[in-house]
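Down below is the structure, laid out as C-alpha cells.
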Amino acid sequence: MAMASIVKLVLGSIAFAIFWVLAVFPAVPLLPIGRTAGSLLGAMLMVIFQVITPEQAYAAIDLPILGLLFGTMVVSMYLERADMFKYLGKLLTWKSWGAKDLLCRICLISAISSALFTNDTFCVVLIEFVLKIVRQQNLPPYPFLLALASSANIGSLETPIGNPQNLVIAIQSKISFGSFVVRIFPAMLVGVCLNALFLLSMYWKLLSLQKVI
C-alpha cells in the first residue's frame, strides 16, 4: 500500500511537472503545444498514470463555473465588437492634465473595468489604446502598462466575475454577489490607491518630462 502511494506520488509529480513546464514555457521546442493543450495533457496524464480515476476527474469539473466564465467571455466579446472599450479608451485622454493624470486614470479605469469584464479580457483590449496614447505623447510605455496590468489584477478582486479564483470562492462558499462586493471593496480601494501612489513615486521624474509634439 505504501509503495503504491509512493508510485502515485511520483507519477503525479511527473504529470504536474510536464504541465508546469508547458504552462510557463508554452513554446518548448520539443513539445510546442501551448498552455491550453499543456494543461489538458497534464490532466490526461493524471488519469493515465491512475493518480486519479476517470470518475474523480469528471467530478473535478465544475460546470457552473465553466458556464459562467463562458457567458462572461461572450458578453465581453460582444461589448468589444460594439466599440464599448473604445469609449473607455477615450476617457483616458479626455481633458487630461498630463502623464501623471493619465497614469492615475489608467489605474482607476483598469480597476473598475476589470471587475466588470474580467481582468484578462480588459487588459488584452485596452493595451492597444494605452500604447497608442503613449506613442502620440512620446511617453515611455512601461509605467502605463504596469499601471494597466497591476490595477486590473487588484480591481478584479472586487467581484466574483472579475477572475476565476473569485468565482470558485464565491460559489464554493455560497457568498452572495452583493456581500462579496461589499466585503472586498475596502481592500480593493486601498490596493488601487497604494498601487497608483507607488507607481507615481517610482516614475515621478520620468512622468514629469514635458510632452514632445
Kindly check whether there is at least one residue in the range 141-154 that is without any contact (Cβ under 8 Å) to a residue 12 or more places away in the chain and part of a loop (DSSP other than H, G, I, E, B). yes
Which numbered condition residue 89 fails, given (1) surrounded by 13 or more Cβ atoms within 10 Å (Cβ to Cβ); (2) within 17 Å of the chain's Cα centre (by Cα); (3) at pLDDT below 80: (2)
Subset of the range 26-42 that is in contact with a helix residue (DSSP H, G or I) (Cβ under 7 Å, 6 or more places away or on another chain) and part of a helix (DSSP H, G or I) - its residue that is nearest to residue 7 (Cα to Cα): 42
Here's a check for you: in the range 111-129, which residue that is surrounded by fewer than 24 Cβ atoms within 10 Å (Cβ to Cβ) and β-branched (Val, Ile, Thr) is nearest to residue 160 (Cα to Cα)? 112
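Quick one: would you say residue 208 is in contact (Cβ under 8 Å) with a residue 60 or more places away in the chain and polar (S, T, N, Q)?
yes
The values are calculated or read from the model by the stated rules, or taken from the named source; none is laboratory data. In this text, all values refer to a predicted model and were calculated from it rather than measured experimentally. Using ideal geometry, Cβ is built from the backbone for each residue, glycine included, and neighbour counts are taken over all protein chains shown.
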